[in-house]
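Working notes, structure below.
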Ligand SMILES: [Zn+2]
């Protein structure tokens, strides 16, 4: 019997893949935040600090850090940095989730914010072979009217960089997180041809995952790992081929799972659920995509065939245009066959 070839660092880096669960807010270099705070002569006493250890602490840090970014140059640099790091990690396309509620300095100027990010992504794309789209996100605690307003802006602006609608934030906020409030926004997004994804099954249980898929029409679920608590739901996800975009290190760092060894990833994979591996907030956790693949290979004994399947899911489910996805899938098959 032919033994599977080893999963080494070079192979993991060169493996063509996409990242579909990466927040703009988690890609702001801490040094940029410190510079911005210093420029404004802000007293750092009492400011949320890294490292964060749970979701509320993370959200507080994001509000603090992102509201300091008020120049278009800084936004463009953040976007350019995302493409650069993705390219270095063999990530050939990245869907960047951006939640405008964290970026207080750009309140009411979403068009300028998207234009600045677009410039940074475009500059990076020229230098590298990696592409990027922007996925604008509703915060769980927003009102139905605010959610619809965001979608209306997306549809009227029609910016080619903006590929889809997302929802994130704390799912465990009781009535504040009720999914039905966002159904209209997601329905309008679908009607207008936008792609859709949703955070669920991180701070909410399996019902959150079911709501994301059935009520919001999410094409993939960010995290979604607590689906494992409902065997029937796991079967449905597998049968309907709905991917879960999992961020193993983030789940451990924020205490969603006690350790990687106890992560439900292998059970979900063995049940036939399609999975991609992602970083969530790479600069806050000090992780990259090849590192997430490597950790899973080591912990779960995943070989090249399984990791190739993960990469295939990531490309297949990303929000890049169809022809870009087809080209990347062809590149992946060539790589796996060589
Ligand atoms: Zn996330």
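Considering only the range 15-45, how many residues are loosely packed, with under 12 Cβ neighbours inside 10 Å and either in a helix (DSSP H, G or I) or within 16 Å of the ligand (Cβ to nearest atom) (or both)?
3
Can you tell me which residue within the range 214-228, out of those that are surrounded by fewer than 24 Cβ atoms within 10 Å (Cβ to Cβ) and in contact with a helix residue (DSSP H, G or I) (Cβ under 8 Å, 6 or more places away or on another chain), is nearest to residue 164 (Cα to Cα)? Steps first, please.
Filtering the range 214-228 down to residues surrounded by fewer than 24 Cβ atoms within 10 Å (Cβ to Cβ) leaves 214-215, 217, 219, 226, 228.
Applying the additional criterion that residues be in contact with a helix residue (DSSP H, G or I) (Cβ under 8 Å, 6 or more places away or on another chain) yields 215, 217, 219, 226, 228.
Details: 215: 17, 217: 12, 219: 10, 226: 24, 228: 26 Å.
Among residues in the range 214-228 that are surrounded by fewer than 24 Cβ atoms within 10 Å (Cβ to Cβ) and in contact with a helix residue (DSSP H, G or I) (Cβ under 8 Å, 6 or more places away or on another chain), the one nearest to residue 164 (Cα to Cα) is 219.
Table: residues versus (1) within 14 Å of the ligand (Cβ to nearest atom); (2) without any contact (Cβ under 8 Å) to a residue 12 or more places away in the chain; (3) in contact with a strand residue (DSSP E or B) (Cβ under 6 Å, 6 or more places away or on another chain).
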position	(1), (2), (3)
179	no, no, no
183	no, no, no
187	no, no, no
193	no, yes, no
197	yes, no, yes
201	yes, no, yes
204	yes, no, no
210	no, no, no
213	no, no, no
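Residues that are more than 18 Å from residue 287 (Cα to Cα) and within 16 Å of the ligand (Cβ to nearest atom) were ranked within the range 229-264; the one that is surrounded by the fewest Cβ atoms within 10 Å (Cβ to Cβ) is 243.
Within the range 282-309, can you find the residues that are under 23 Å from residue 24 (Cα atoms) and in contact (Cβ under 8 Å) with a residue 60 or more places away in the chain?
First, the residues of the range 282-309 that are under 23 Å from residue 24 (Cα atoms): 282-293.
Passing the criteria: 282, 283, 284, 285, 288, 289, 290, 293.
Kindly indicate which of 12, 68 is assigned to a helix (DSSP H, G or I) and in contact with a helix residue (DSSP H, G or I) (Cβ under 6 Å, 6 or more places away or on another chain). Sole residue among the options that is assigned to a helix (DSSP H, G or I) and in contact with a helix residue (DSSP H, G or I) (Cβ under 6 Å, 6 or more places away or on another chain): 12.
Can you pull out the helices (runs of 4 or more DSSP H) entirely within the range 229-283 that have at least 3 residues that are out of contact with any strand residue (DSSP E or B) (no Cβ under 6 Å at 6 or more places or on another chain) and over 21 Å from residue 210 (Cα atoms)? Before you say what the answer is, go through the steps one by one.
Numbers: elements: 231-239, 248-253, 265-270.
Hits in the range 229-283: 248-253.
The numbers here are math on the coordinates, done by the rules we state, and not lab data. Model, not experiment: these values are computed from the prediction. With ideal geometry, Cβ positions are generated from the backbone for all residues, glycine too; neighbour counts draw on all protein chains shown.
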